[in-house]
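Asks: Attaching a single structure in structure tokens format; questions to follow.
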Amino acid sequence: MQSVMILGDDQNLAAGIKLALSGDDIDFTLIETIKDAKNALVNTKFDLLIIDINLSDGNGLQFCRDIRKN
């Protein structure tokens, strides 16, 4: 099973991405804030992260840079 995190504060867009990519072997986690995403990364190994750039609590590009350092 593949695990995908969708980090975005637009719930409709996140649901659309999930619908477009859905399959029997993909498990999706929809997350709205960088804070919640950081917590999820501690507990789960994701195969793919889909990150919105403009989030309510920060910049998605900077978050991507930060997690790539680790």
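The values are calculated or read from the model by the stated rules, or taken from the named source; none is laboratory data. On a predicted model such as this, the values are computed, not experimentally measured, just so you know. In this analysis, Cβ positions are derived from the backbone assuming ideal geometry, glycine residues included, and neighbour counts consider all displayed protein chains. Ligands, DNA and RNA are excluded from the accessible area calculation, which covers all protein heavy atoms including side chains. Shrake-Rupley method; radii C 1.70, N 1.55, O 1.52, S 1.80 Å.
Asks: Just one of Asp27, Asp47, Asp66, Asp57 is farther than 15 Å from Ala14 by Cβ, acidic (Asp, Glu), open to solvent by less than 80 Å² (accessible area, probe 1.4 Å) and in contact with a Ser or Thr (Cβ under 7 Å, 6 or more places away or on another chain); which is it?
Replies: Values: Asp27 fails: farther than 15 Å from Ala14 by Cβ; Asp47 fails: open to solvent by less than 80 Å² (accessible area, probe 1.4 Å); Asp66 fails: in contact with a Ser or Thr (Cβ under 7 Å, 6 or more places away or on another chain).
It is Asp57.
Asks: May I ask you to say which residue of Ile34, Ile6, Ile17 is touching a residue at least 40 places away in the same chain (Cβ under 8 Å), surrounded by 12 or more Cβ atoms within 10 Å (Cβ to Cβ) and under 12 Å from the mean Cα position of the chain (by Cα)? Give the steps one after another, and end with the answer.
Replies: On the way: Ile34 fails: touching a residue at least 40 places away in the same chain (Cβ under 8 Å); Ile17 fails: touching a residue at least 40 places away in the same chain (Cβ under 8 Å).
Of Ile34, Ile6, Ile17, the one residue that is touching a residue at least 40 places away in the same chain (Cβ under 8 Å), surrounded by 12 or more Cβ atoms within 10 Å (Cβ to Cβ) and under 12 Å from the mean Cα position of the chain (by Cα) is Ile6.
Asks: For region 47-68, state whether one or more residues are assigned to a helix (DSSP H, G or I) and basic (Lys, Arg). Break it down into steps so the answer makes sense when it comes.
Replies: Let us first name the residues in region 47-68 that are assigned to a helix (DSSP H, G or I), namely 60-68.
From what is left, the residues that are basic (Lys, Arg) are 65, 68.
Checked against the condition, which is being assigned to a helix (DSSP H, G or I) and basic (Lys, Arg), region 47-68 yields at least one hit.
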